[in-house]
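First comes the structure, then the notes that go with it.
What follows draws every value from the coordinates through simple rules; no lab data is involved. Computed from a predicted structure; not experimentally measured. All Cβ positions, glycine included, derive from the backbone under ideal geometry; neighbour counts span all protein chains shown.
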Amino acid sequence: MRQDPLSSTAYQEGQQLLRRYEGNPILKPEDWPYPVNSVFNPGAIRLVENGKVLLLVRVEDRRGLSHLCAARSANGIGPWEIDRQPTMLPDRERRPEELWGIEDPRITWIPELERYGVVYTSFSEGGPGVSLALTRDFKEFDYYGLILPPEDKDAALFPRRFGNHWAMIHRPVPASGSAHIWISFSPDLRHWGSHRILLPARRGGWWDARKIGLSPPPIETAEGWLILYHGVRTTASGCIYRIGLALLDREDPVRVLRRGDMWIFGPVCAYERIGDVQDVVFPTGAVLGEDEDTLYVYYGAADTCVCLATASVKQLLDFLREHNYLGTT
């Protein structure tokens, strides 16, 4: 029997699944080697060549435009070696879709290509769209440009093909304003089709009603692809960003196996509730620890700084089994 999500036991379980690092924030604007306004929403990957953790951080400058800058750490906690100059800059001449900056990257290692795929939001005059770049070293990039037009964002690649096609999760925003999580497929990473809704936003009073989006890239487990996603609840005092879970079939990712009935992580600490945008926890990167169970989740807090939380993949999957609810009402 599914546990009552309003019970104190269930609520406490959810609150404990992601544990904040006591040294948060791990990266702040004052850590940067050049003047910036804020640093947040980092893509994350464990580098195959040396095992270091690389964060590709969204950096907002004092004009209000964003670029991406890499920070590296041997243990994924610190100290961090930050690139002395921006790692990825928008190029409004060659890539006009980046007119007002580039934002919120998600990174996937693609073994078949022996490259890292960086999917990011390019902020064009027509709104935010999805762009892709491939790299071996985070120094030189092969830019594929805009692969999904505005308004679309919160996108990430799966690391391998399904049949002959690559798959990508993303979040278009239709004129209705309701925003669901979609999945699309491509034979070449450039041309995308077979679009369909993967996870619909719930309706009514749910924590993830009306607007949801992918957080880190999908995490492959023996039970399926573990998905962390954010839900945005609009209240009388503004929006609150919280995190929930879902699980996709390992060989058929359009098949949703489980979806949690309540959020597991939300803004509580001062650094998550006070900043450029209040009441926001926004994970965009996650890496597995050496034990292959500890998940290091990197998130932007209040659109101002970078923070870390850890979780057990086993506990996340256990939680989904106990709190599975696929309905939207």
Item to check | Positive-end residue, the chain charge dipole about Cα centroid, Cβ charges, pick of Ser178, Thr294, Gly204 | outcome: Gly204
Item to check | Dipole moment magnitude, nearest 20 debye, the chain about Cα centre, only Lys, Arg, Asp, Glu C-beta charged | outcome: 640
Checklist outcome for this item: Between the residues Gly238, Gly163, Thr87, the Cα farthest towards the positive end of the dipole of the chain, that dipole coming from +1 and -1 charges on the beta-carbon of Lys, Arg, Asp and Glu, is from Gly238
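Take each of the peptides 153-164, 182-193, average the number of other beta-carbon atoms within 10 Å over its residues, and list them starting from the highest.
Numbers: 153-164: 18.7, 182-193: 15.9.
For the peptides 153-164, 182-193, the packing ranking is 153-164, 182-193.
Based on DSSP, what percent of beta bridges with both residues in the chain are antiparallel, to the nearest 5?
95
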Checklist entry - Hey, how many Å between the Cα centroid of the range 38-62 and the Cα centroid of the range 131-194? => result 19
Checklist entry - So what J values fall out for the range 119-133 if you push phi through Karplus, 6.51 cos²θ - 1.76 cosθ + 1.60 with θ = phi - 60°, rounded to Hz, Gly and Pro as x? => result 9, 9, 8, 9, 9, 9, 5, x, x, x, x, 9, 10, 9, 9
Checklist entry - Based on the Cβ-Cβ distance of Tyr325 and Phe162, what FRET efficiency does E = 1/(1 + (r/R0)^6) give at R0 = 25 Å, to the nearest 0.05? => result 0.45
Checklist entry - Given +1 on the Cβ of Lys and Arg, -1 on the Cβ of Asp and Glu, and no further charges, what dipole in debye does the range 64-130 carry about its Cα centre, rounded to the nearest 20? => result 140
Next on the checklist: With n ≥ 4 as the cut-off for DSSP H runs, can you work out [θ] at 222 nm for the chain, using -39500 (n - 2.57) per run divided by the number of residues, rounded to the nearest 500?
Outcome noted: -2000 deg cm²/dmol
Checklist entry - Hey, of [x] 21.4; [y] 20.3; [z] 19.7, which did the structure itself give for Kirkwood radius over Cα pairs in Å when calculated? => result [z]
Next on the checklist: Taking the Cα of Trp109, stepping 7 Å toward and past its beta carbon, and measuring to each backbone N in the range 56-74: which are under 16 Å?
Outcome noted: 56, 72-74
